[in-house]
Amino acid sequence: MALYDTQRATEARTIYGGHDACACGLGQLAHSLWLTGQTHESDRVLRQMIQFVNGISHLPSKAHSLDVEAVAAFYRNDYNRLTAVSEEMSEFAQQHEMQSLAGLSLLFGGWAEAHLGNVASGYERFCKGFDLLGELGTVVDLPIYLSMQAAMLGLDGKVDRAIEVASQAILEARETGHAYWLAELYRVRAMLRARSGAMRNLVMEDLHVAAETARTQGAAALQRRIEQSLEELGLVVDR
């Protein structure tokens with residue numbers, strides 16, 4: 001961020017396209033702050049990013065900002081906010097013929113809809129978005145999208161299939177080094193395994209890996225989720 005130069009950034013956006021580097025940097029900083037437990041500072045940086053993007057009037061940067069806002073709402077389990085952002089995504093995508101953003105609006109909108117009570121319709125909507133992103137070759141956060149799919153399958157009572165998808169997400173995250181969501185993936189699979197009546201040692205193994213991964217990464221927000229799951233299941237992870 002200290003190296004950002006407004007004039008050079010304007011020239012780069014014009015010549016090379018894509019979203020602005022400052023918008024990207026602020027968005028990733030906001031996510032990192034949330035993951036490390038600094039929620040209020042994350043919220044502040046998120047507002048700063050939105051203000052910056054609105055000030056430069058650059059379409060790809062606005063699309064990127066909406067994606068960041070959607071992920072932030074997803075992280076926070078803020079389904080009403082995610083519904084609003086997904087609707088804004090859909091309108092912006094239609095206005096500017098952005099198919100990738102349209103796919104994201106379906107994916108995140110479906111997740112929110114499923115968690116607000118309409119699981120079947122939400123999952124169908126999510127899958128349409130996921131499939132569209134796959135067709136376009138723009139699946140950027142595959143482990144996260146797979147964790148969403150696993151969770152929704154669990155909501156729909158398809159626990160065995162949900163476990164398969166969660167396992168696929170873990171493998172994908174490990175193979176690609178896309179590790180920042182890995183602790184949550186193990187926690188999600190542990191909870192699904194517990195629901196399926198799996199052996200206690202399998203559940204504990206997943207929670208142990210989740211806790212150790214979150215601790216190593218300093219992912220305080222994910223550590224809190226793991227602690228809540230342990231309390232819910234009445235378990236203790238040995239350190």
Query raised in the report: Would region 60-71 turn up any residue that is farther than 27 Å from Ala219 by Cα, without any contact (Cβ under 8 Å) to a residue 40 or more places away in the chain and either surrounded by fewer than 21 Cβ atoms within 10 Å (Cβ to Cβ) or in contact with a Lys or Arg (Cβ under 7 Å, 6 or more places away or on another chain) (or both)?
Result: no
Query raised in the report: Pick from region 151-161 the residues that are more than 13 Å from the chain's Cα centre (by Cα) and among the aliphatic types (A, V, I, L, M): which of them is surrounded by the most Cβ atoms within 10 Å (Cβ to Cβ)?
Result: Met152
Report summary line: Of the residues in region 124-149, those that are assigned to a helix (DSSP H, G or I), crowded, with 16+ Cβ neighbours inside 10 Å and within 16 Å of the chain's Cα centre (by Cα) number 12
Query - Residues of region 150-168 classified as touching a residue at least 24 places away in the same chain (Cβ under 8 Å) and either under 27 Å from Glu91 (Cα atoms) or assigned to a helix (DSSP H, G or I) (or both), total - result: 11
**Report entry** Answer from Tyr145, Tyr186 - the residue that is farther than 29 Å from Lys62 by Cβ and among the aromatic types (Phe, Trp, Tyr)
**Finding:** Tyr186
Query raised in the report: Out of all the residues in region 44-51, is one or more within 29 Å of Met152 (Cα to Cα), modelled with pLDDT of 95 or more and either among the β-branched types (Val, Ile, Thr) or within 16 Å of the chain's Cα centre (by Cα) (or both)?
Result: yes
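So that you can scan it fast, the table gives a plain yes or no per residue for (1) among the charged types (D, E, K, R); (2) touching a strand residue (DSSP E or B) at 6+ places or on another chain (Cβ under 7 Å); (3) in a helix (DSSP H, G or I):
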{"residue": "Leu3", "(1), (2), (3)": "no, no, no"}
{"residue": "Glu11", "(1), (2), (3)": "yes, no, yes"}
{"residue": "Leu26", "(1), (2), (3)": "no, no, yes"}
{"residue": "Arg44", "(1), (2), (3)": "yes, no, yes"}
{"residue": "Arg47", "(1), (2), (3)": "yes, no, yes"}
{"residue": "Asn54", "(1), (2), (3)": "no, no, yes"}
{"residue": "Leu66", "(1), (2), (3)": "no, no, yes"}
{"residue": "Phe74", "(1), (2), (3)": "no, no, yes"}
{"residue": "Ser86", "(1), (2), (3)": "no, no, yes"}
Query - Search result, residues across region 84-118 that are among the hydroxyl-bearing types (Ser, Thr, Tyr) and either closer than 16 Å to Met152 by Cα or under 14 Å from the mean Cα position of the chain (by Cα) (or both) - result: Ser86, Ser105
Report task. Kindly check whether there is at least one residue in region 76-84 that is at pLDDT 95 or above, surrounded by 13 or more Cβ atoms within 10 Å (Cβ to Cβ) and hydrophobic (A, V, I, L, M, F, W, C). Result -> yes
Query raised in the report: So is Val203 in a helix (DSSP H, G or I), modelled with pLDDT of 95 or more, in contact with a Ser or Thr (Cβ under 8 Å, 6 or more places away or on another chain) and not acidic (Asp, Glu) or not?
Result: no
Requested in this report: Identify, by number, the condition in (1) under 30 Å from Ala214 (Cβ atoms); (2) of a type outside the set (A, V, I, L, M); (3) touching a residue at least 12 places away in the same chain (Cβ under 8 Å) that Glu41 doesn't meet.
Outcome: (3)
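The values are calculated or read from the model by the stated rules, or taken from the named source; none is laboratory data. Fair warning: this is a prediction, and the values are worked out from it, not measured in the lab. Neighbour counts are summed over all protein chains in view; Cβ atoms, including those assigned to glycine, are modelled from backbone coordinates with ideal geometry.
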